[in-house]
Amino acid sequence: MERDILNTDAPELRQLQQRALIVGFWGLLAGVVGAVWFPDQFFRSWLVGFLFCLGLTLGSLGLLMLQHLSGGQWGLVSRRVWEASARTLPIVALFFVPILFGMPKLFLWARPEAVQGDAVLQAKAPYLNVQFFTLRAVVYFALWMAAAWLLNKWSAGQDRGEIAVTPADSVRFRALSAPGLIVLIMTITFASVDWIMSLDPHWYSTIFGLLTLVGCGLSALALAITVLSRMARTQPLASTLVPRHFHDLGKLMLAFVMLWAYLSFSQFLIIWSGNLPEEIPWYIERIQGAWAPVSLLLVAGHFALPFALLLSRDLKRRPSLLATIAAAVLVMRIVDIIWLVEPNFERHGFPIHWMDLAVPLGLAGVWVFVFVRQLRGRALLPFNDPYFKEAFAHETH
Amino acid sequence: MDTPAPHSSYQTPHPVIEPGHSYDSITEKISAIVLTRRHPIGWFATMAIGFLLVNGLGLSVGYLLFKGIGIWGNNIPVGWAFDIINFVWWIGIGHAGTLISAILLLFKQDWRTSINRFAEAMTLFAVACAAMFPLIHTGRPWLAAYWLLPYPNTMGIWPQFRSPLIWDVFAVTTYFTVSALFWYTGLIPDLATLRDRAKRRWTQMLFGGLALGWRGSARHWQRYETVYLILAGMSTPLVLSVHTVVSFDFSTGILPGWHATIFPPYFVAGAIYAGFAMVLCLAIPLRRMYGLEDFITMRHLENMAKVTLVTGFIVVYGYAMEAFFAFYSANVYESFMLKNRAFGPYGWTYWLLIFCNGIVPQTLWLKRLRTNTTWLFIMALIVSVGMWLERFVIIVTSLHRDFLPSSWDMYYPTRWDISTFLGTIGLFITLMFLFVRVLPMISIFEMRTLLPEAKIKGAEGH
């Protein structure tokens with residue numbers, strides 16, 4: 001069995017990797033060509049793509065830490081997916097670099113002439129300025145990469161059997177994950193302020209960090225379901241992954257869908273009810289005019305539809321159906337990010353630019369390529385984990 | 001890989017029931033508390049304190065009805081003070097019961113079994129204490145039905161369906177109804193056990209009537225399981241919805257310090273936090289008084305301590321967000337609100353709150369303190385104080401200095417405010433201790449499913 005798990009040359013994965021590279025290549029090519037005509041739009045679309053890939057990565061890192069702390073089979077079967085996803089952080093950091101160059105195009109507060117005539121922006125300048133923004137980004141990535149690196153290093157050591165499988169071994173994962181999760185929550189919160197909220201530097205909402213966190217978690221769960229359902233079709237995982245695992249992951253995805261809706265609706269209701277000039281324009285932009293259909297699409301596609309479908313027990317136990325919903329959720333994650341980013345910039349006519357689809361698809365393609373490469377580099381299940389032996393001892397034979 | 005490693009610290013945590021028990025010994029031990037055992041001196045001492053405070057409550061409410069709500073300290077600009085603080089505090093305490101009974105059931109957490117019964121009772125009594133405050137704040141509670149409950153709105157003025165206060169009425173009454181049903185349904189098999197074991201005629205009649213003819217047939221059990229699961233499903237959203245609506249009472253307004261989008265999740269986490277602290281406050285003395293250490297084990301206390309630590313972090317996250325956005329917003333009123341909170345005339349309450357809710361629970365990182373019952377009890381009391389202060393800080397410091405300096409004023413509670421609040425604590429203690437005396441505080445039949453012999457027979461458990 002152990003040798004089976006080590007065999008990661010699944011045709012499904014190879015195929016996925018190949019297709020991702022093709023999508024990535026054409027998407028980015030279209031983006032680069034488009035950048036010549038629409039340089040402003042290029043950076044906005046790039047930001048959307050970056051945030052989507054970042055959400056997958058950070059959500060994975062967060063759930064990886066969470067499952068180390070909570071235990072449970074859902075964590076054991078998804079661990080390698082999330083570890084591989086967390087290992088893509090360097091490439092995601094690379095995706096961030098163009099944003100540094102596009103700052104004046106993206107962020108009003110990064111334009112000195114805009115700050116001069118605006119008292120609010122001047123008041124925010126100690127926080128929202130180019131140097132501090134860059135420094136914060138460096139700190140965020142350094143912390144994230146350090147956590148991802150350590151968790152992966154220890155996990156690889158487990159695979160090779162270098163680390164004796166003792167209680168002390170699993171304590172180490174937890175000892176990092178507990179404070180790590182707190183640091184991750186705080187850094188994602190501030191990153192969400194920096195990279196999304198400050199696109200409209202006058203607007204603020206205290207729930208926004210949590211909303212971003214839940215979005216990241218949802219992306220990572222949908223990713224795990226999509227990947228695992230593909231891998232469950234063939235050995236080595238076909239004999240290990242049973243409907244119960246998908247059922248558990250489906251329940252978690254349902255919980256995240258509900259949590260996202262709960263936080264989104266709370267934010268909306270409170271701002272709508274207060275109707276204050278600092279806050280309400282952000283929503284007026286999105287619920288009236290060209291963006292109104294996109295808002296409705298989010299209500300239906302990001303909440304109502306997956307919610308209603310995921311209530312079904314039968315569906316959650318069927319990997320292919322569950323994966324279809326997970327894929328739809330991933331698409332809605334991109335739409336949600338577009339909805340967060342794009343209305344901050346004025347545009348006439350149809351709200352979504354073709355580059356908003358091409359560039360994120362391109363970046364996501366490159367990301368998936370790197371991710372699958374990482375995934376194939378290691379055993380697909382943490383077979384040396386002490387819990388794993390206990391959990392699967394009776395079932396795999 | 002060749003030989004199994006010592007499993008002590010990661011595979012077998014402390015058991016949920018100490019070894020050495022049989023079906024019979026569990027039934028005997030729990031039902032004896034109600035039926036035959038003499039009650040410990042601690043029961044009488046606590047009950048005496050509770051009853052004394054209840055008398056204070058009767059006096060305070062009596063005088064309130066006689067004189068009017070002018071006997072309280074609230075006045076413009078602080079038109080809402082102890083009444084709403086206590087309401088939110090009590091409602092929050094109830095949440096742990098619902099979380100334990102519903103969400104932990106759905107998550108198949110077997111450690112909930114020994115604590116769910118009295119945590120659910122705690123929910124009911126806490127909601128009862130909470131519901132008193134809006135009623136007596138009207139000054140004329142006999143008219144409260146007219147003010148609070150919806151009726152054909154022919155006058156077009158009241159109830160105001162856009163007001164979260166009216167949503168509160170719905171949320172709280174639903175919560176109370178479902179919690180009571182859930183609690184009672186869970187009691188039925190145990191009531192039948194008590195009926196069968198009671199010796200005196202009138203106790204047989206009493207428990208027999210309450211047991212609704214339960215005979216424990218397979219059909220009874222099948223229906224029971226279905227109903228219990230449905231009620232758990234219904235209760236789960238209530239854990240979120242009730243305190244969310246309570247938070248809307250504040251956050252849909254535009255007062256700085258109230259109008260914050262973080263309020264719903266932050267209030268819900270605070271409610272669970274306060275609730276688990278209260279469960280610890282009750283469980284630790286009760287298990288000692290009645291010698292229940294083999295049913296409510298260190299595992300339970302440690303798990304509750306962990307939930308307290310995690311929800312405490314969400315609450316502190318809320319404080320951090322309020323503080324950060326007060327400055328990030330670059331809004332004069334928002335940043336003044338925070339300065340006033342921390343350094344204004346009530347500044348000490350803010351720092352005390354940070355100490356109680358932010359610093360003291362950090363001791364729970366250490367396993368040694370997490371498993372020390374004395375410390376857990378003290379810590380739980382401190383958290384309860386902290387959660388009360390949180391509501392005080394949110395409500396009073398936000399109201400007493402709002403937008404216009406000309407309308408600023410101070411608020412001081414009167415002796416009647418304090419005696420009413422202490423009175424509800426007395427009411428809570430009295431009800432809780434009466435409950436312990438007349439009903440089984442731990443679910444007998446569910447405890448029996450925790451025994452090893454129950455696991456071998458039933459493949460799925462339940």
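Just so it is clear, none of the values below were taken in a lab; they were calculated from the coordinates. Since the structure is predicted, the reported quantities are computational estimates derived from the model, not experimental observations. Virtual Cβ from ideal backbone geometry, glycine too; neighbours counted across all protein chains shown.
What is the calculated FRET efficiency for B:Ala218 to B:Asp110, with r their C-beta to C-beta distance and R₀ = 25 Å, to the nearest 0.05?
Computed FRET efficiency for B:Ala218 and B:Asp110 comes out at 0.65.
Near A:Leu69, within a Cβ-to-Cβ distance under 11 Å, what is the net charge of the other residues, with Lys and Arg +1 and Asp and Glu -1?
+2
Tell me, how many Å apart are the Cα centres for the stretch B:263-327 and for the stretch B:169-193?
Taking the Cα centre of the stretch B:169-193 as reference, the centre of the stretch B:263-327 is 23 Å away.
Could you check the spin-label model distance between B:Val438 and A:Trp149? Points 7 Å from the Cα along Cα→Cβ, value in nm.
About 6.6 nm separates the two model spin labels.
Which ³J(HN,Hα) values, rounded to whole Hz and listed in residue order, are derived for the stretch B:53-70 from phi using the Karplus coefficients 6.51, -1.76 and 1.60 in 6.51 cos²θ - 1.76 cosθ + 1.60 with θ = phi - 60°, glycine and proline given as x?
5, 4, 4, x, 5, x, 4, 5, 5, x, 5, 4, 5, 6, 9, x, 6, x
Taking each residue in A:261-268, count the Cβ atoms of any other chain within 10 Å of its Cβ, then average. What number comes out?
Average neighbour count from other chains, rounded to a whole number: 3.
Take A:Phe265 and B:Thr226, extend 7 Å from each Cα along the Cα→Cβ direction, and tell me the distance between the two endpoints in nm.
Spacing of the two 7 Å Cα→Cβ label points: 2.9 nm.
Starting at the first residue of the stretch A:107-117, write each ³J(HN,Hα) from the Karplus equation 6.51 cos²θ - 1.76 cosθ + 1.60 with θ = phi - 60°, in whole Hz, x for Gly and Pro.
Here the 3J(HN,Hα) series is 10, 4, 6, 8, 9, x, 5, 6, 5, 4, x Hz.
What does the structure give for A:378-387 when I average, per residue, the other chain Cβ atoms found within 10 Å of the residue Cβ?
1
Quick one: helix A:243-274 against the long Cα principal axis of chain A, what's the angle to the nearest 10°, folded into 0 to 90?
20 degrees
Once the Cβ-Cβ distance between B:Thr449 and A:Arg172 is put in as r, and R0 is 35 Å, what FRET efficiency do you end up with, to the nearest 0.05?
Taking R0 as 35 Å, the efficiency between B:Thr449 and A:Arg172 is 0.50.
Any chance you could give the angle, 0 to 90 degrees and rounded to 10, that helix B:415-438 forms with the longest Cα principal axis of chain B?
10 degrees
Go through the stretch B:183-193 residue by residue and turn each phi into a ³J(HN,Hα) via Karplus (6.51, -1.76, 1.60, θ = phi - 60°); whole Hz please, and just put x for glycine and proline.
Each residue's phi maps through the Karplus curve to give 5, 5, 4, x, 7, 3, x, 6, 4, 5, 4 Hz.
Give the angle, between 0 and 90 degrees and rounded to the nearest 10, that separates the Cα long axis of helix A:319-341 from the longest principal axis of the Cα atoms of chain A.
20 degrees
Pick from A:Gly217, A:Gly301, A:Gly55 the residue whose mean-square fluctuation is largest in a GNM of chain A, springs joining Cα atoms under 10 Å.
Checking each option, the largest mean-square fluctuation is seen for A:Gly301.
Which order do peptides B:162-172, B:195-205, B:408-418, A:194-204 fall in by mean Cβ count within 10 Å, highest first?
A:194-204, B:162-172, B:408-418, B:195-205
Could the peptides A:284-295, A:363-374 be put in order, highest first, of the mean number of other beta-carbon atoms found within 10 Å of their residues?
The peptides rank, most packed first, as A:363-374, A:284-295.
How high is the relative contact order of chain B, given as a whole-number percent (alpha carbon pairs under 8 Å, six or more residues apart)?
31 percent
Which whole number gives the average, over all residues in B:251-259, of C-beta atoms from other chains lying within 10 Å of the residue C-beta?
4
Based on other C-beta atoms within 10 Å, arrange B:Ile91, A:Ile271 from fewest to most.
In order of increasing Cβ crowding within 10 Å: A:Ile271, B:Ile91.
Go ahead and estimate [θ] at 222 nm for the protein assembly as shown from helices alone: -39,500 (n - 2.57) per DSSP H run with n ≥ 4, summed, over the residue count, rounded to 500.
Per the formula, -23500 deg cm²/dmol.
May I ask for the net charge around B:Phe325, where only other residues with Cβ less than 12 Å from the Cβ of B:Phe325 are counted and Lys, Arg are +1 while Asp, Glu are -1?
-3
Which residues' amide hydrogens lie under 5 Å from the amide hydrogen of A:Val242, considering only partners 5 or more residues apart or on another chain, with H built in the peptide plane?
none
How many angstrom lie between the Cα centre of the stretch B:346-390 and the Cα centre of the stretch B:86-120?
Between the Cα centres of the stretch B:346-390 and the stretch B:86-120 lies a distance of 20 Å.
Connecting C-alpha atoms closer than 10 Å in a GNM of chain A, tell me which of A:Ser170, A:Ser266, A:Ser219 has the biggest fluctuation.
A:Ser266
I'd like the FRET efficiency for A:Ser239 and A:Ala125, computed as 1/(1 + (r/R0)^6) with the beta carbon distance as r and R0 of 56 Å, rounded to 0.05.
About 0.40, to the nearest 0.05.
On average over all directions, what projected area in square nanometres does chain A have, based on the convex hull of its Cα atoms?
19.2 nm²
Tell me, how many Å apart are the Cα centres for the stretch A:155-225 and for the stretch A:102-144?
A separation of 24 Å, based on Cα centres.
Please compute the Kirkwood hydrodynamic radius of the protein assembly as shown from all pairs of different C-alpha atoms, in Å with one decimal.
Taking every pair of different Cα atoms in the protein assembly as shown, averaging 1/r and inverting gives 29.2 Å.
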